[in-house]
1. At a probe radius of 1.4 Å, figure out the A/B buried accessible area, summed over both chains, and give it in Å² to the nearest 100.
2. Would you mind calculating the relative contact order of the range B:32-134 from Cα pairs under 8 angstrom and at least 6 residues apart, reporting the percent as a whole number?
3. For the range A:347-398 and the range A:1-60, write down the distance between their C-alpha centroids in whole Å.
4. Can you pull the mean other chain C-beta count within 10 Å for peptide A:450-456?
5. Any idea what the relative contact order of the range A:429-534 is, in percent, if you count C-alpha pairs under 8 Å spaced at least 6 apart?
6. For the charge dipole of chain A, defined by +1 on Lys and Arg C-beta atoms and -1 on Asp and Glu C-beta atoms about the Cα centroid, which residue among A:Ala497, A:Ser359, A:Ile192 has the Cα displaced farthest towards the positive pole?
7. Starting from the Cα of A:Thr107, step 7 Å toward the Cβ, then list every residue of the range A:317-343 with an amide N under 15 Å from that point.
8. Please give the average number of partner chain Cβ atoms lying within 10 Å of the Cβ of each residue in A:480-488, rounded to a whole number.
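The values are calculated or read from the model by the stated rules, or taken from the named source; none is laboratory data. No experiment lies behind these values; they were computed from the predicted model shown. Counting neighbours? That spans all protein chains shown, and the Cβs are built from the backbone with ideal geometry, glycine included. To get the accessible areas, we keep the full protein, side chains included, count just its heavy atoms, and leave off ligands, DNA and RNA. Shrake-Rupley method; radii C 1.70, N 1.55, O 1.52, S 1.80 Å.
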Amino acid sequence: MTDFEKLEQEFKAWQAKVEKANEKYPERKKQFVTGSNAPVDRVYTPLDQKDFDYSSQLGLPGEFPYTRGVQPTMYRGRLWTMRQYAGFGTAEESNTRYKYLLEQGQTGLSVAFDLPTQIGYDSDHPLSEGEVGKVGVAIDSLADMEVLFDGIPLDKVSTSMTINAPAAVLLAMYVAVAEKQGVSAQALSGTIQNDILKEYIARGTYIFPPAPSMRLITNIFEYCSKQVPNWNTISISGYHIREAGATAVQEVAFTIADGIAYVEAAIKAGLDVDEFAPRLSFFFNAHNDLFEEVAKFRAARRVWAHIMRDRFGAKNPKSWMLRFHTQTGGSTLTAQQPDNNIIRVTLQALAAVLGGTQSLHTNSRDEALALPTEQAVRIALRTQQIIAYESGVAETVDPLAGSYYVESLTDRIETEVLQYIKRIDDLGGAVKAIEQGYIQQEIQDSAYAWQMDVENGERVIVGLNKFQVKENPPQGLLRVDPAVGERQKQKLAALKAGRDQKAVDSALASLRNAASSSDNLMPPILEAVRGYATLGEICSVLREEFGEYRPNVMF
Amino acid sequence: MERKIRVLVAKPGLDGHDRGAKVIARALRDAGMEVIYTGLRQTPEQIVSAAIQEDVDVVALSILSGAHNHLFPRVVELLKERGADDVLVFGGGVIPEEDIPFLKSKGIAEIFGPGTPTSKTIEFIRANVKRPLH
C-alpha cells in the first residue's frame, strides 16, 4: 500500500467518525466559504496535493515561476516599501504631509491627486466646482508640482503617482521638477498608475477612448525605457476592481487580462517585450480572508510568469516577475466603531506581507468617514512597522508555503483565473470585454451578492450587522478647507498672467501636430509642461484630437 | 392599482465610485421599482433634466468625493426652478455627519451613510415618496 492509499483509508475512517459526531454536535455552518465565496473543506491533507510538484509549482524564491516571491531573500534583504497614499488641498498642505510621513519613517511617497487633476481639468473649470483639493492635491501646472516636492530630493525618494488618463502629463511634470532640482531623469524612481483599462472597468477617471489611451500608454513605455529607465511605467491595478465588488479570483483574473492587453498593445506598437516588460508593475488589494489573500498573491505571480514566458516569449527573467504594491481594502472598513478598522487593516497588511508584496499602504481607521487625520495615518504606518519589526513574519521567505490549505487555495485560484482569461481571450481580449460590459457585469454581480449576504446576516461584519453599539458621531475628522478652490483659481490666474504665452501657444500647437501624427507624445508634452502650459490646456488639446470615452451604462 | 415608483439613481460630481449606486439601483429594481441610473460625472443640470424627462418620483444621489455640500443643494434648487419640487431627493455616500443638518435644510430628505442596508433605503422611499401613486 502506498502512503497515499494508507492516508486515504485513515481519512475515510476519520471522516465517518466526525460525521457521526456531527449529528450530535453540528459544525457552526452547513457550508464554509472564503471571503470570495469559494468552498472551504474541514481540513486539508496531502490528499489535496497528490500531484504536487515542488519545482514546477513553487520553485525557489527569486526563481521561476516566482510563487514564493520575486527576490531570493525577500524581506531579509530589504523590507517592503512603506508607502502611504496621501494628498489633499493645495500643494503646500500636501508637501507638509509628505515631510511628516518621511519623518515618521515612511520610505516612499504616494501622491493622491484631486478629481479635476485626474480627469484633466484645471481648478477653474466649471466641472471642478466643489471638487478642488477634496480627494487629493490639486495640480494645475508645473508651478504646483514644484511646491509639492519642495525640499524633497527626488533622487533619494521613490514616488508613486495615482494618475491614469493624464499620466503622461504628470510624469512630464515630475521629470521637469527633477530637472530644476538638478536631478536627471535617469536617476528617478517611482511609479505612475497609468492603467486606463481599470478606469473603464471600475474607477471611472477616464478621459479618452481606448485606442488613443492605449497609444499614450505605449508612448510612455517607449519613452521611459530610454529616458527614465528606473520608472515603473504602469501599475496594472486590481485594487479598484476588488473595491468595486470583485472576488479575489476576479481581481487577479481581470488585472492580468488587462496586463495582457497592455503587453499586446506595446508589441503591436513595435516594442520588444523585454524592453518594457521589466518595468510593468501591479497593484492589488488585501481583504480580510488571510489565507485566501496570501494564496491570491502567490497564484498571481505564478500565472503572470507563465504568461510572459510562454505566451509572449519574454526572455529576460525580469519580464516574468510580477512585482506589486498592495493597499488594504477600503471597502472592508466600517463607519461603525471605526477603531475596529485598525484590526482589519492589521490582518490585511499581514496578508500582503505573507503574500510577498513589494510595497504597502495601510488604510487609516477613519477612512470610511473622511480623509485620514495625521494621527490615524500614523497608527496605520505603525501597523506596518509592528509587522515588520515585531511579528517575525518578515524573517523567512514565504512562510506559508507547503500548507496544504494555502497550496490548495493557490492552485484553485490559478485554475479559476486561467478560466476567466480564456473567456476574455474568446471575447477578443480585455478591451473588447470591457466595451461589451462583460467584466463590469461580472463584478456587479459579485458586489450585489456580497451586499445581500451582509444584509441577510450570512456574512458577519463586526459592529455593522452584529455586535452593534449605540455610537456618538465621530469627532475630529479631517476637513479640507473649502477655500482651496478659490486659492487655486487665483494661483492659476497669476500663473497665466506671468508666463510666456507665445511659448505656450507654440508648444500646444506642436502637441496637436504630434497627436494627429504617430509620433511619441512624451517629448511635446514635456515641452509644454516646461513652459507652464496647464494640465487642463494640454488635456484639452488631446480631448479635441482624440475625443472622449462614452461608457455603456448598466447595473 | 398602484403604479411603480420611478427612481433616478444619479452620480453628481467627478468621483468614479459607483459600486454603491449600482447596488442600490439593482436593489430598488428587485423591490419592484423602475430605476434609471445616470452613470458617472453628471452635473446637477444633467441630473435634473434626466429626472424631468424620465418623470421620476425619486432622485437618489450618490457621492464619495466630498463635493456634496456644493452639488446636492443645487439639484434640489433646479428641480424647484423647473416646478418639480414634489420629487423626493435623498443622498448617500461618504458624507460627514456634521454636514447632514445643512443638507437637510437645503431640501435633501435623508442622507444614508456607509453600511446602510438597502432594505432601509427601500422602506424610506416607500414611506416618503411625495407624488401620488394612484
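1. 3000
2. Relative CO of the range B:32-134 lands at 28 percent.
3. That distance is 32 Å.
4. Details: counts 2, 8, 6, 0, 3, 5, 2.
Mean partner-chain Cβ count within 10 Å for A:450-456: 4.
5. 15
6. A:Ser359
7. A:324-326
8. 1
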